[in-house]
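The values are calculated or read from the model by the stated rules, or taken from the named source; none is laboratory data. In this text the structure is predicted, and so the values were computed from the model without any measurement. All Cβ positions, glycine included, derive from the backbone under ideal geometry; neighbour counts span all protein chains shown. We work out accessible area using only protein heavy atoms, side chains counted, and drop any ligands, DNA or RNA first. Shrake-Rupley method; radii C 1.70, N 1.55, O 1.52, S 1.80 Å.
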Amino acid sequence: GDAAGAAAAASAAGAEVTVNISIAPALKARLTREAPLFVFAREPGAQGPPLAAKRLTSAAIGTQIHLSAADSMMPGRVLLNGHQVSITARVSFSGQPLPAAGDLYGELTYAVGHDGARDLVIDRVAE
């Protein structure tokens with residue numbers, strides 16, 4: 001009964017993702033100007049809005065980014081300790097969160113509550 005509810009609350013409390021964002025040297029030349037940078041967490045294979053998202057700019061590349069319940073897109077859909085999530089960092093030249101050809105991105109799978117700071121390298125170009 002109550003133990004399960006308390007455990008669920010505890011699993012969301014302090015659940016966060018920490019990534020150090022960098023960009024592959026080969027792609028750095030494509031950053032000719034500051035562009036929007038979206039960093040988001042989603043359940044692997046899930047459709048719909050991400051669990052958490054931040055809109056930054058490419059100036060944030062080279063810094064550490066945190067995603068937590070404060071970055072949740074929808075009530076009740078938050079990062080939970082013990083869950084595996086897919087983290088994407090995307091430089092969006094269109095300014096839109098949806099992928100577009102030419103966007104620069106990187107991805108990794110993150111174990112919330114287990115992994116500490118992980119290195120997320122933007123190393124791919126969207127087709």
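Share of carbon and sulfur in the accessible area of the chain stands at 55%, probe radius 1.4 Å. With distances taken between every two different alpha-carbon atoms, the stretch 79-127 has a Kirkwood hydrodynamic radius of 11.9 Å.
The Cβ shell under 10 Å around residue 67 holds other residues with a net charge of -1, Lys and Arg each +1, Asp and Glu each -1.
The Cα atoms of the chain define a convex hull whose projected area, averaged across directions, is 7.9 nm². The residues neighbouring residue 49, those whose beta-carbon lies less than 12 Å from its own, together hold a net charge of 0 under the Lys/Arg +1, Asp/Glu -1 convention. Springs between Cα atoms under 10 Å define the GNM used for the chain, and in it the highest mean-square fluctuation of 33, 77, 55 occurs at 33. Using C-alpha pairs below 8 Å separated by at least 6 residues, the relative contact order for the stretch 1-125 is 32 percent. Rolling a 1.4 angstrom probe over the protein heavy atoms with all chains in place gives the chain an accessible area of 53 Å² per residue. When nucleic acids and ligands are ignored and a 1.4 Å probe is applied, residue 22 ends up with an accessible area of around 40 Å².
In terms of packing, defined here as the mean over residues of other Cβ atoms within 10 angstrom, the peptides 92-102, 116-126 line up highest first as 116-126, 92-102. Which angle between 0 and 90 degrees, to the nearest 10, do you get for helix 2-12 versus the longest principal axis of the chain when only C-alpha atoms count? It works out to around 20 degrees.
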